[in-house]
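First the structure, in the form of structure tokens, and then the observations on it.
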Amino acid sequence: MKDTALTKTHEALGAKLVPFAGFNMPVSYEGVNAEHETVRNGVGVFDVSHMGEFLISGENALNLIQKVTSNDASKLTIGKAQYSCLPNETGGIVDDLIVYRIKEEQYLLVVNASNIEKDWAHISKYNQDFNAEMRDLSENYSLLAIQGPKAVEAMQSLTSVDLSAIKFYNFVVGDFAGIEHVIISATGYTGSGGFEIYCKNEEVKQVWDKVFEAGADFGIKPIGLAARDTLRLEMGYCLYGNDINDSTSPLEAGLGWITKFTKDFVNSEALAKEKAHGAERKLIAFELNERGIPRHDYDIVDSSGKKIGIVTSGTMSPSLGKGIGLGYVPQVFSKIGSSIHIQIRKKAIPATVVKLPFYSN
């Protein structure tokens, strides 16, 4: 197992560490519900330094990114970021990612920790036609997600950048916590606002310490991956390996909005046909009508008990106090308001298909 630059800090804070994507990662500190509420109502900090970062540069950098990603990166101006995915050749998804335009001919791709090697190999294969410069920075950079409605106010004293002026999916390269040239990005996977801070491994302890000093009056706390999962699920954000993978298409996963057919990209022709015909199954959101907790891989059944799908993500929502989840079902069961059942042990619990997000401010 690899450590992040902050593993010893997490240990000193009493974090429960678990293996995740090849890293020792803090899953919780004081408990998932308390940490979840901290982010929804105040400000919390995640160490997500296990994520991968690829720097793509040169005159063909954009052409390569346009080929391997589903979204239209030509729309990015310097200082903007974009959610996207890497389609594979067989209708599925290699990974989901964020694309940042750093300079005129330079982009940063931020990928999932579990997919770093797979993504690098996939992009490199297509780069044989483009010869863009590719650098894997994953081992050298750390990433902190400072999330919550109080994040702007709590962190403003650490930077000369006006944090309130950074719009969602925009970023600034500026000073932060005494370090120059830090990426301050108004992204995050919680739905409660805040920033992601990219800095070098040797800088992150200073950043972490100053973040907690600045946030002390705002009740700032460290947050683990368990709360990160409940927060993202309440927003209906996909988790790679659960809700999307090598055999789920972006269209059936509800990611048509990041799949732009105004350009040629990997497997775009087949995906365009799928869009024209309509995907056979769809990723739905559901709420349980009775007490129970849906879990990954539980069966989704119809009123007669026949299996019609599978739960990809599920939890007891700390904000809503009810069981929520995502899962794939045939199109006929996907309409908002449809009745389905979740097989929890020997009981089929009734559930209703709902519109995302589950939680809104």
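Read through the list (1) open to solvent by 50 Å² or more (accessible area, probe 1.4 Å); (2) in a loop (DSSP other than H, G, I, E, B); (3) out of contact with any helix residue (DSSP H, G or I) (no Cβ under 8 Å at 6 or more places or on another chain); (4) closer than 28 Å to Asn88 by Cα, then give the number of the only condition that Arg291 fails. Looking at each condition in turn, Arg291 falls short on (4).
Take the stretch 53-106 and flag every residue that is among the charged types (D, E, K, R), touching a helix residue (DSSP H, G or I) at 6+ places or on another chain (Cβ under 8 Å) and open to solvent by less than 10 Å² (accessible area, probe 1.4 Å). Correct list: Asp95 only.
If you go through the stretch 260-284 and pick out every residue that is surrounded by 14 or more Cβ atoms within 10 Å (Cβ to Cβ) and without any contact (Cβ under 8 Å) to a residue 60 or more places away in the chain, you end up with 6.
Does Glu203 satisfy being crowded, with 20+ Cβ neighbours inside 10 Å, under 26 Å from Arg40 (Cβ atoms) and touching a residue at least 12 places away in the same chain (Cβ under 8 Å)? If you could, list the steps in order and put the result at the bottom.
On the way: crowded, with 20+ Cβ neighbours inside 10 Å: yes; under 26 Å from Arg40 (Cβ atoms): no; touching a residue at least 12 places away in the same chain (Cβ under 8 Å): yes.
The answer is no for Glu203.
Residue-by-condition table, conditions (1) part of a helix (DSSP H, G or I); (2) hydrophobic (A, V, I, L, M, F, W, C); (3) modelled with pLDDT of 95 or more:
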position	(1), (2), (3)
Ser114	yes, no, yes
Glu117	yes, no, yes
Ser124	yes, no, yes
Asn131	no, no, yes
Ser138	no, no, yes
Ser164	yes, no, yes
Phe171	no, yes, yes
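Would you check which residues across the stretch 20-52 are at negative phi, open to solvent by less than 30 Å² (accessible area, probe 1.4 Å) and among the small types (Gly, Ala, Ser) and list them? Answer for the stretch 20-52, where residues must be at negative phi, open to solvent by less than 30 Å² (accessible area, probe 1.4 Å) and among the small types (Gly, Ala, Ser): Ser28, Gly42, Gly44, Ser49, Gly52. Within the stretch 34-63, residues that are over 21 Å from Ser360 (Cβ atoms) reach partners that are open to solvent by 20 Å² or more (accessible area, probe 1.4 Å) and of a type in the set (Phe, Trp, Tyr) with beta carbons closer than 6 Å, at six or more positions or on different chains, in the pairs His50/Phe23; Glu53/Tyr141; Asn60/Phe130; Asn63/Phe130.
Within the stretch 1-12, residues that are open to solvent by less than 90 Å² (accessible area, probe 1.4 Å) sit with their Cβ atoms under 6 Å from residues that are hydroxyl-bearing (Ser, Thr, Tyr) and not in a loop (DSSP other than H, G, I, E, B), at 6+ positions apart or across chains, in these pairs: Ala5/Ser142.
The values are calculated or read from the model by the stated rules, or taken from the named source; none is laboratory data. In this text the structure is predicted, and so the values were computed from the model without any measurement. Glycine gets a Cβ as well: all are built from the backbone with ideal geometry, and neighbour counts include every protein chain shown. In case anyone asks, the SASA skips ligands and DNA or RNA and just uses the protein heavy atoms, side chains included. Shrake-Rupley method; radii C 1.70, N 1.55, O 1.52, S 1.80 Å.
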